[in-house]
Structure formats: C-alpha cells, structure tokens
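*Asks:* Right, I'll just put the structure down here and ask away after.
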Amino acid sequence: MIVLETERLYLRYQTEDDAAFILELVNDPAWLQFIGDRGVRTLEDARSYIVNGAIRSYEKDGFGFYLVERKEDHALIGMCGLVKRDGLEDVDIGFAFLPAYRSLGYAHEAASAVMQYAIQTLSLTRVVAITTQDNHASGSLLEKLGLRFERLIQMPNDPEVLRLFVYDTSLSVSESEASQ
C-alpha cells in the first residue's frame, strides 16, 4: 500500500516479499556503522525483521518505516518513516538508502514527505531523530528538514552516546513569528 507519493518516489508499506531488499539494506556497511547490526543474515531473518518491526509498527502505531521506491523504474532504493522507540518520548524519523541512491536528493525528498505527513496528517507537534555522533550526513539532512540538535542522549541498554535532533512545531511558529 502506497502511503506517500512525491515527484520521484513512492513510500509504501513493507511486506514479507521485500525480504531480499531488506537483507541487502540492513547489511550495507553504512547501515552497520551508523544504525547497527540487526543480526539479519538470511531471507528468513529479513522476513522476521519486517514482521516484527515495520508491520508490527503499522498495526500498533499506524505508521512505521516505509520502503522508498523510485517511480521511474520501481527500484527499491531505501526506507524512510516514523517509529515510536522505547526510550524516546516523541516519534522518531529515520531513513537509510542503498549506496547507489545516496547524494541524489532522494533521502531529502522522502524525509520531507514523511515530516509533512507527521505534522499535517498525524498531527504530531514534535518529531525527533537520533544519530551517531559521527553521522554528519544524516545530521545535515535533519537540519535541512528543520530539526535542530538538542543534546546528547543514551538509549536504554545502549552504551553509545547519540545526538538527539528535535523538530517542535510550537518553536517553529515562534521562531518564524520572531523573524517577521
């Protein structure tokens, strides 16, 4: 099911049929470095990852991580969406793209659509994101989307200190009013 559509992309629900793509994406060196090893090594692992992650999130929260599909050729190029993580008060936006599709504006296009969806359709007043301290590309994209670095945090049961970025609609309104 297509959830969002942009000029060049469809963002749609993940299904078990996407296991081969998920297996490739979650084992990409950048995913492993910046997001972490999810222990997905086989197609069966990937199917379980989809069922217990994205599909469960769609059912429980009404949103999740969507697959990003390029319109022109229906190539699966990445994922982008929203998740309610344990340890974070607010809904978190996240994204990951295969190497061949990075630095082409796809992540910005997909994440912009997700942010608009979060605020306008889901009526969220705050959206957050977490990144490793060395993930400068994601930090730059988050700032282009209007999120601002707030502080360093640690997630439960994770020794790594992460950067927390925040988009707060009440601050955005106040900031734009102040600049007028």
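*Asks:* Which whole-number percentage describes the relative contact order of the range 1-65, with Cα contacts under 8 Å and a sequence gap of 6 or more?
*Replies:* Relative contact order here is 30 percent.
*Asks:* If I model a spin label as a point 7 Å beyond the Cα along the Cα-Cβ vector, how far apart are those points for Val83 and Arg38 in nm?
*Replies:* Result for the modelled spin labels: 0.6 nm.
*Asks:* Roughly speaking, to the nearest percent, how much of the range 5-162's 1.4 Å accessible area is carbon and sulfur?
*Replies:* Carbon and sulfur: 48 percent of the exposed surface of the range 5-162.
*Asks:* Something else now. What's the longest piece of the chain with no exposed GluC sites (Glu not before Pro), counting a site as exposed if DSSP puts it in a loop and it has at most 13 other beta carbons within 10 Å?
*Replies:* Answer - 90-159.
*Asks:* Here's another thing I want to ask about it. In terms of the Cα gyration tensor, with a ≥ b ≥ c the square roots of its eigenvalues, is the range 1-148 rounded because a/c is under 1.5, prolate because a/b exceeds b/c, or oblate?
*Replies:* It is rounded, given that a/c, with a ≥ b ≥ c, falls under 1.5.
*Asks:* Running a GNM on the chain with Cα contacts under 10 Å, which residue among Asp73, Asp45, Asp134 ends up with the highest mean-square fluctuation?
*Replies:* Its mean-square fluctuation being the largest, the pick is Asp73.
*Asks:* Rounded to the nearest 500, what is the chain's calculated 222 nm mean residue ellipticity when only DSSP H runs of at least 4 contribute -39500 (n - 2.57) each, over all residues?
*Replies:* About -9000 deg cm²/dmol.
*Asks:* Still on this structure: Can you work out the accessible area per residue across the range 69-139, with the rest of the protein chains kept in place, probe 1.4 Å, in square angstrom?
*Replies:* 45 Å²
*Asks:* Let me ask something additional. How high is the relative contact order of the range 1-141, in percent, counting Cα pairs under 8 Å that sit 6 or more residues apart?
*Replies:* 22 percent
*Asks:* Near the amide H of Arg148, under 5 Å away, which other amide H atoms are found, from residues 5 or more places off or on another chain, if H is placed in the peptide plane?
*Replies:* The answer is Val166, Tyr167.
*Asks:* GNM, the chain, Cα, under 10 Å: largest mean-square fluctuation among Val166, Val26, Val51?
*Replies:* Comparing Val166, Val26, Val51 in a Gaussian network model of the chain, the most mobile one is Val51.
The values are calculated or read from the model by the stated rules, or taken from the named source; none is laboratory data. Computed from a predicted structure; not experimentally measured. As a convention, Cβ positions derive from the backbone with ideal geometry for all residues, glycine included, and neighbour counts pool all protein chains shown. Areas reflect the complete protein model, heavy atoms only, side chains present, ligands, DNA and RNA absent. Shrake-Rupley method; radii C 1.70, N 1.55, O 1.52, S 1.80 Å.
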